[in-house]
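The values are calculated or read from the model by the stated rules, or taken from the named source; none is laboratory data. Just so it is clear, the model here is predicted, and its values are computed rather than measured. Every residue, glycine among them, receives a Cβ derived from its backbone with ideal geometry; neighbour counts consider all protein chains shown. The accessibility values were calculated without ligands, DNA or RNA, using every heavy atom of the protein model including side chains. Shrake-Rupley method; radii C 1.70, N 1.55, O 1.52, S 1.80 Å.
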Amino acid sequence: MSKTVTFYRPVGPDELKLIEDSGWEPFPPRLPEQPIFYPVTNEEYAAQIARDWNTKHGSRQGYVTRFDVNADYVSKFDRKIVCGRQHEELWVPAEELEEFNSKIVGLIEVTQKFSASEI
């Protein structure tokens, strides 16, 4: 059994619906204006984005997803620190998302939900 790395991704309800419709396996393709797919390396950072960004824009709902990816595969991607040490992201070019999805081990799961009415 190969080693895996756990990542988190904050999503809104539209992206979550696409993930659910796919059987909880792949993330949907990026939009043309989204050249990077960026899962984050810790749940606290994902929750911060879902709570502090998603609940203030669009649908005003945010979700945190968790998933595991083959460790050897993800080692080829850059990790970026944005703002502070706890804000670490993996930068996956959009054109590699299909292969990235194929390296997810298990299912994508929701670990937290936020809505503007609850904050």
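Legend: calculated FRET efficiency, Glu96 to Ala116, from the Cβ-Cβ distance at R0 = 41 Å, rounded to 0.05, equals 0.75.
What the phi angles of the range 98-113 give under the Karplus curve with 6.51, -1.76 and 1.60, with θ = phi - 60°, is a coupling list of 4, 5, 4, 4, 5, 9, 6, 9, x, 9, 7, 10, 8, 10, 8, 9 Hz, glycine and proline written as x.
When the GluC sites (Glu not before Pro) in the range 9-92 are filtered for DSSP coil states and for at most 15 other beta-carbon atoms within 10 Å of their beta-carbon, the remaining sites are Glu33. Across the cross-link table entries Lys56/Lys113; Lys17/Lys103; Lys80/Lys113; Lys76/Lys103, which are compared at the Cα atoms, the separations over 18 Å belong to Lys17/Lys103; Lys80/Lys113.
Applying the Karplus relation 6.51 cos²θ - 1.76 cosθ + 1.60 with θ = phi - 60° to the range 37-43 yields 3J(HN,Hα) values of 9, 10, x, 10, 8, 8, 5 Hz, where x marks Gly and Pro. Dimensions of the range 1-63 along the principal axes, based on C-alpha atoms and rounded to the nearest Å, stand at 41, 25, 23, largest first.
Computed over protein heavy atoms with a 1.4 Å probe, the carbon and sulfur contribution to the accessible area of the chain reaches 49%. Amide H contacts under 5 Å for Thr4: Ala71, restricted to partners 5 or more places along the chain or on a different chain, H placed in the peptide plane at 1.01 Å from N.
Using the 1.4 Å probe convention, the accessible area of the range 25-92 works out to 56 Å² per residue with neighbouring protein chains retained.
Electrostatic bookkeeping for Pro13 treats Lys and Arg as +1 and Asp and Glu as -1; over the other residues with beta carbon under 15 Å from its beta carbon, the sum is +1.
Please say if the chain is rounded, prolate or oblate, where rounded means a/c under 1.5 for a ≥ b ≥ c the square roots of the C-alpha gyration tensor eigenvalues, and otherwise the choice is prolate for a/b larger than b/c and oblate otherwise? Prolate, because a/c is 1.5 or more and a/b exceeds b/c. Of the trypsin sites (Lys or Arg not before Pro) found in the range 33-83, those that fall in a DSSP loop while having at most 15 other beta-carbon atoms within 10 Å are Arg60, Lys76.
Across the range 81-97, rounded Karplus estimates of 3J(HN,Hα) from the backbone phi angles (6.51 cos²θ - 1.76 cosθ + 1.60, θ = phi - 60°) give 9, 10, 6, x, 3, 6, 9, 9, 10, 9, 9, 10, x, 3, 5, 9, 5 Hz, Gly and Pro being marked x.
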